[in-house]
Amino acid sequence: MKSAREFVDNSMSDAPVRGFLHEPDGPAVHGLVLTHGAGSNCQSPLLVALAGAFCRAGWAVLRCDLPFRQQRPHGPPPRGNAERDQAGLRAAVAALRRETGSRVFLGGHSYGGRQASMLAAAEPGLAEALLLLSYPLHPPGRPDVMRTAHLPDLRTPALFVHGTDDGFGSIDEMEEALRLIPARSELVPIAEAGHELMTRKNRGELPGLIANTFANLVGG
């Protein structure tokens, strides 16, 4: 496995791609775009560990910063930025497909995963499948504000990985939400994990577990 290298693609001037590309030693079996949550960036420990696990399995992985994070190093995305962040994910998928010539999958943590799922619901052929980490089903303590409106339109297979102690949605709430999705979807509960998913106890095994489970879902 090669060292991750900085990756820049400006072919879409309104949605430049910035991040790090992990390349396997041989030809990539698949490509995966991974992005971050509202309070983080593509250097988050979870994304770095996952990229390594997928890369060791022969995948090319692009960890990328969403457009809002490229504009500001700290703080949440500004209100009304979702469309631009989705454009950034669209550009990242296209860039990785050009780079590898392989099937490309799309994933993200929290806010990044939500934007990935909304983009895939609007553009079903964009990515082969989705990897959604700690999907923010509702704001903590606000189960009356469900972020599920687009799920009945989601026709892209999806793997949801969710902590049993995640304040953004319980496992029961997640299971109910997945029933809205017409495409194949699976939920992997992570015991004693919160919204960040990776804990001191599971950090050694979690990345490999996610990579293996997602590979089984997509058949490769």
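The values are calculated or read from the model by the stated rules, or taken from the named source; none is laboratory data. From a predicted model like this one, the values you see are computed outputs, not experimental measurements. As a convention, Cβ positions derive from the backbone with ideal geometry for all residues, glycine included, and neighbour counts pool all protein chains shown.
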Would you pick out the residues in the stretch 174-220 that are loosely packed, with under 13 Cβ neighbours inside 10 Å, touching a strand residue (DSSP E or B) at 6+ places or on another chain (Cβ under 9 Å) and at positive phi? GLU192
ARG142 passes all but one of (1) surrounded by 17 or more Cβ atoms within 10 Å (Cβ to Cβ); (2) under 23 Å from GLY75 (Cβ atoms); which number fails? (1)
Residue within the stretch 64-85 that is surrounded by 22 or more Cβ atoms within 10 Å (Cβ to Cβ), farther than 19 Å from HIS150 by Cα and without any contact (Cβ under 8 Å) to a residue 40 or more places away in the chain present: yes
Which condition number does ARG200 fail, the rest of (1) without any contact (Cβ under 8 Å) to a residue 24 or more places away in the chain; (2) touching a helix residue (DSSP H, G or I) at 6+ places or on another chain (Cβ under 6 Å) being met? (2)
Having 1 or more residues that are of a type in the set (D, E, K, R) is the bar; report the strands (runs of 3 or more DSSP E) wholly within the stretch 129-192 that clear it. 185-190
Mind listing just one residue for me: the one in the stretch 31-63 that is of a type in the set (S, T, N, Q) and surrounded by fewer than 24 Cβ atoms within 10 Å (Cβ to Cβ) and, of those, farthest from HIS195 (Cα to Cα)? GLN43
Those residues of the stretch 102-117 which are in contact with a Ser or Thr (Cβ under 7 Å, 6 or more places away or on another chain) and not in a helix (DSSP H, G or I), in sequence order: GLY108, HIS109, SER110
In this structure, does LEU106 turn out to be at pLDDT 95 or above, farther than 18 Å from LEU197 by Cβ and of a type outside the set (Lys, Arg)? no
State all residues of the stretch 16-53 that are within 21 Å of GLY208 (Cβ to Cβ) and of a type in the set (Val, Ile, Thr); if no residue qualifies, say none. VAL29, VAL33, THR35, VAL48
Given the options ASP65, ASP25, name the one that is at pLDDT 95 or above and over 19 Å from VAL218 (Cβ atoms). ASP65
Every pair of residues 6+ apart whose Cβ atoms lie under 8 Å, when the first sits in the stretch 144-173 and is in contact (Cβ under 8 Å) with a residue 60 or more places away in the chain and within 19 Å of GLY108 (Cα to Cα) while the second is charged (D, E, K, R) and surrounded by 14 or more Cβ atoms within 10 Å (Cβ to Cβ): PRO157/GLU128
